[in-house]
Amino acid sequence: MKDIGVFICHCGVNISNTVDVKKVIEEISKIQNVAICKDYQYMCSDPGQEMIKRSIKEHDLDAVVVAACSPRMHEPTFRATVSDVGMNPYCFEMSNIREQCSWVHTDKEKATEKAIDLVKGAVARAQLLEPLQSEGFPVVPSALVIGGGIAGIQTALDIANSGYKVYLVEKEPSIGGHMAQFDKTFPTLDCAACILTPKMVDVARHPKIELLTHSEVESIEGSVGNFIVNVKKKPRYVDMDKCTGCGNCAVNCRLVGKISSEFDMGLAKRSAIYVPFPQAVPLKYTIDPDACLFLKHGRCGKSPKCVDVCTTDAINFNDEPKTIEFNVGAIVVATGYREFTAERKPEFGYDLYPNVMTGLELERIFAPSGPTGGKPIINGKVPKKIVFISCVGSRDKKVGHPYCSRVCCMYIAKQAHLLKEKIPDSDITVMYTDMRSFGKGYEEFYERVQKEGVKYRRGNASEVYGNDGKTYVRAEDTLLGIPYELEADLIVLGTGLEPDPNAGDVGKMLHLSLSSDGFFLEAHPKLRPVDTVIDGVFLAGTAQGPKDIPDTVAQASGAASHVVNLLSKKEVLSEPTIAVVNEDMCVGCKTCMLLCPYDAHEFDEDKGVMKINTALCKGCGSCSAACPSGSIKMNHFTKDQIVAQILEVL
Amino acid sequence: MDEEYAFFPGCIAKNVYPGIEKATRIVFEKLEIGLRDYEYSCCPPPGVMACYDKPSWLVIGARNLLQSEKDGLNPMTICAGCYGTLHNVWYALKNDPALMDYVNENLSKIDLKYEGKNHPIHFLDILKDHKEKIAELKELDLGLNVAVHYGCHYLKPTSVTGENSERPTLLDEMVELVGCKAVPFKDRLSCCGAGGGVMSGEPDVSLKIVNTKLNNMKAANVDAIVDICSFCHMQFDQSQKKLGTTEIPVLHLNQLYGLAFGIRPKHLAMHTHLVSTRDIVKKVKAAKKG
């Protein structure tokens, strides 16, 4: 029989107001294997922890139970406490009498009774706890960053500046992401390109960053400290080493001005050989295989013009996809977002009326390098009557997006300001749901825009309709309580952010969970916003949820610091609370293999039994519960331990 | 006949606009779709009844639904209101076993039981699968410019109906089959003003709503209104007499098809409408000759 110490915390009055701690001590002290039972005001404080340490030494305890808050809160604290005096941390057991008892009950007598049962259960379990040892794995001192938008760029630079090698993978031919498409940024009106392009150039020049553009992650195996990554470099049909970025090929391409430019949201045309935008990094041309006449039909006039004019002989129509493999210790997912598909709100007539455009499209109209050279010309005319509709695809359960996209209120304010500046006699109305100008300097900017004459009317639009060549927006003014309608030459939809479906593959490779909004789920919404539940995998930017540039950059730096924390260790310790196969009993049915969400099961063909990859197993317990022969044991959550605990509670 | 439905005519077609029921029977016979009759009561209305006494609404709705359950027939409605009730009741009971238990507890008093095995369907959703046959049966291209009216309960709530309520196109396509054009007009998807008990409870408001809608139709210069709902049909027809301002003939889609199939207008009881359908009849006759 073990000697067990039990320590009951008052948590100030959080527990002791509802639970009679004295009574609990009285009852628990009666249990035979309880060598000592004490209480304290704040067990997590230094004196509280000292008391536990002293008791372990004085009574030569074999196991310790602390009855206090949730183990998610202080289990790590007390595990450290007991191991300070030489006890195995897995001989510590926590009983939650706060969240699961005192906080949710009002009847003191009954709550006390429940607390006694809970602690009794914990004692019964503590009797059966086994010491466990963590295993160490070496850490590969490099990182993979997936996504080359502002989040990925910032993360890569921060990690690389700490001296670690970074592989930055971007699916497009250039890094820059959505931020490169913006004209100016709110609320400071910095030119997006002016603040972004220096960072892009830094990435390209950094000796510690290996930039893999026009590339996609094909597979990721392994686990924290050593992920094995395969990246497919899609063929550019242009030799990166030879291309000087002069652009002669694009100007002379037979399809010049014929192919819709993705970067310009289809508002401008490019050639079949192109760079997405003039400041692209790397400034190397790419041939679009879906457009190029030579790649599609095997011939392009007498000979391809790009080949004729290229002075460095860089065109290579025989280019093929290449897969490269490398190892990294940590991964940052910075895959970004997609603009909401405006066609999904048919009432706004995005596909019917050419003067209805999305926020991102208007950004391109503003951009000096955009389709109109920055002039506010929509369908050949300068618009005078302009309506902005907010919350298109945000806060809208009908399209499955109940969340706020967090940027639209402010980008609408910025775009309204820019339009007013470019067209002073324009009449601009913003139809808004609620104004959310929460960031630093945002409210002030919103006020400034109002003072410039932009009209804000609360209440969202219901419909855009056309009649006799004119377009009208119908809405309700919810402050005046009246329906109204406005004629408009330009209607801008404040389209929100939604998860990028392309990110789904990366999510699957890494076994990442999604939150209900479809973005990647962080480990804790408040305290672990850059971590995921998968060790060694971190999140940055809008892949985790809608956010603006300042928040994205802050999170990117946060993710980078967590990566550096990890890479700076020589080795990582694995959690020993994982599944263990009893090879003598396993019949090799593979039931567990199908259930494992982490691919931690490997079948040993020679012995005909299952093996568990200790680095991959997260200890979820699915396999142990499902094993028909009962041959998988969950360390720290054995059947005996759980049953003993339940029997005491019942 | 391979295809057969339980015919739920609804109170208005049965008592006020017999032409809607008659036209439906004729059109479905031509299309070789069977209609079987049952002992139905009032649906009862989704606005008036469901808002005041939802439990009774569910029980009465379920009693109507169960009539044809044992025969394996789905009830077909020709009114968006009846559809709203039957479909919403069916949906609520299917997704909430506790509600189903409540309903059956009450139905057991009259020795009845509903199991939710059949499901109600609006006639437009049946006809959409017979477009070729309708085109085949068409004897005349009617050549009318019409204002189509979908009826709110046919489209909404979208979570239940699964319809595209912001830009529906089905009825537009269905009138085109017989050579009519669905003319765009302002606020074409707005309510007729009758539903939700407004017609009886707030007659002035109801008239105001329908007047706005009728004026928008008039501005678009339409020859007729085509509806798929007996209640909307009644609202458009009766209100015009009360307002005395507009004279746009009102046709249920099945009456329109009846005309296109060469049925005599009298057999479609079009002479029983308050707003004269004479102009339409003239145009049809002209189309026949041409």
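Length, then width, then depth: along the principal axes, the Cα atoms of the range A:4-128 run 40, 28, 21 Å.
Summary value for the range A:315-462: 19 percent relative contact order, contacts being C-alpha pairs under 8 angstrom separated by 6+ residues.
Arranged from fewest to most other beta-carbon atoms within 10 Å of their beta carbon, B:273, A:524, A:417 become A:524, A:417, B:273.
Taking every residue in B:185-192 and counting other chain Cβ atoms within 10 Å of its Cβ, the average works out to 2. Among A:90, A:42, B:52, sorting on how many other beta-carbon atoms sit within 10 Å of each Cβ, with the fewest leading, yields B:52, A:42, A:90. Applying both filters, DSSP loop and at most 14 other Cβ atoms within 10 Å, to the trypsin sites (Lys or Arg not before Pro) of the range A:418-498 gives A:440. If you take the Cα centroid of the range B:59-98 and the Cα centroid of the range A:186-261, the two points sit 58 Å apart. Contact order, relative form, for chain A: 14 percent (alpha carbon pairs under 8 Å, 6 or more residues apart, mean separation divided by residue count). For the range B:67-132, the square roots of the Cα gyration tensor eigenvalues, ordered a ≥ b ≥ c, give a/c of at least 1.5 with a/b greater than b/c, which places it in the prolate category. Taking the charge dipole of chain A about its Cα centre, with +1 at Lys and Arg Cβ atoms and -1 at Asp and Glu Cβ atoms, the residue from A:211, A:379, A:543 reaching farthest to the positive side is A:379. For the protein assembly as shown, the spread of Cα positions along the three principal axes, ordered from largest to smallest, is 108, 89, 66 Å. When the helices of the protein assembly as shown are scored as -39500 (n - 2.57) per DSSP H run of n ≥ 4 and the total is divided over every residue, the value at 222 nm lands at -10000 deg cm²/dmol. Considering only A:281, A:335, A:502, whose Cα is most displaced toward the positive end of the charge dipole of chain A, charges sitting on Cβ of Lys, Arg (+1) and Asp, Glu (-1)? Result: A:281.
With a threshold of 22 Å on the Cα-Cα distance, the over-threshold entries among A:470/B:213; B:30/B:266; B:94/B:128 are B:94/B:128. Shown for B:17, B:257: other C-beta atoms within 10 Å of each C-beta, ranked fewest to most, produce the order B:17, B:257.
Look at the alpha carbon pairs under 8 Å that are at least 6 residues apart: their mean separation over the length of the range A:4-128 gives a relative contact order of 34 percent.
The numbers here are math on the coordinates, done by the rules we state, and not lab data. The shown structure was predicted, so the numbers you read here are calculated from the model rather than taken from an experiment. All Cβ positions, even for glycine, are placed from backbone atoms using ideal geometry, and neighbour counts span all protein chains on display.
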